[in-house]
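Asker: If you scroll down you'll find the structure; I have some questions about it.
Read the figures in this text as sums done on the coordinates, not as results from a lab. Everything numeric in this text was worked out from a predicted model, so none of it was measured. Cβ sites come from the backbone with ideal geometry, for glycine too, and all protein chains shown count toward neighbours.
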Amino acid sequence: MPGVVKWGLGIQWVGVAFGAFALILGLIGLLAVAGSGDAAVAGFVGIMLAVAAIMLAIQVVVLVFATKGRNWARIALAAIAILGIVLSLATGQGLNFGSAISILSVALLFMPDATAWYRARSGQR
């Protein structure tokens, strides 16, 4: 596995760790909101946390396959990154740190050495 793939996937795994930490903080916030008695807000926050947890789980599964050299998983990681950036822009957050590391990791995964490695891994099956 070339270094650019290791770095690209490593950055993605760091992003997953940050995402898991954010989910924990979100759950703590949900408990605080639920304790305030505002059921509508608590329901909305709960739905948003559930969607985030599902997206994080999908990212973990895709990362495992990308680590095994599956080219479709590399493409899926790019799609997930693009979706995250679009959602970040749509919600008014702009390009934040998460967006920056997503762009960096995807760029690394599509460097020539990475592309050659993924092609070679696809040919081995």
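Asker: Out of everything in the range 84-115 that is exposed (fewer than 13 other Cβ atoms within 10 Å of the Cβ) and of a type in the set (Gly, Ala, Ser), what residue ends up being nearest to Val16 (Cα to Cα)?
Answerer: My answer is Ala100.
Asker: With respect to the numbered conditions (1) within 15 Å of Lys6 (Cα to Cα); (2) exposed (fewer than 15 other Cβ atoms within 10 Å of the Cβ), which one is the sole condition not fulfilled by Tyr118?
Answerer: (2)
Asker: Looking only at residues that are more than 14 Å from Ile103 (Cα to Cα) and β-branched (Val, Ile, Thr) in the range 6-33, which one is farthest from the chain's Cα centre (by Cα)?
Answerer: Residue satisfying both the conditions and the ranking: Val33.
Asker: Tell me, which residue of the range 65-81 that is surrounded by fewer than 15 Cβ atoms within 10 Å (Cβ to Cβ) and in contact with a helix residue (DSSP H, G or I) (Cβ under 8 Å, 6 or more places away or on another chain) is nearest to Val5 (Cα to Cα)? Working first, answer last.
Answerer: At the first step, the residues of the range 65-81 found to be surrounded by fewer than 15 Cβ atoms within 10 Å (Cβ to Cβ) are 68, 72, 79.
Keeping just the survivors that are in contact with a helix residue (DSSP H, G or I) (Cβ under 8 Å, 6 or more places away or on another chain) gives 68, 72.
On the way: Lys68: 11, Trp72: 14 Å.
Checked the range 65-81; the qualifying residue nearest to Val5 (Cα to Cα) is Lys68.
Asker: Among the listed residues Ala53, Ala90, identify the single one that is touching a helix residue (DSSP H, G or I) at 6+ places or on another chain (Cβ under 8 Å) and hydrophobic (A, V, I, L, M, F, W, C).
Answerer: Working: Ala90 fails: touching a helix residue (DSSP H, G or I) at 6+ places or on another chain (Cβ under 8 Å).
Exactly one residue qualifies, and that residue is Ala53.
Asker: In the range 51-125, which helices (runs of 4 or more DSSP H) lie fully inside it and hold 3 or more residues that are touching a Phe, Trp or Tyr at 6+ places or on another chain (Cβ under 7 Å)?
Answerer: On the way: elements: 71-90, 97-109, 112-123.
The qualifying helices (runs of 4 or more DSSP H) are 71-90.
Asker: Between residues in the range 88-114 that are more than 21 Å from Ala73 (Cβ to Cβ) and residues that are of a type outside the set (A, V, I, L, M) and not in a helix (DSSP H, G or I), which pairs lie under 9 Å by C-beta distance while being six or more apart or on different chains?
Answerer: Every condition considered, the pairs that remain are Ser88/Gly94; Ser88/Asn96.
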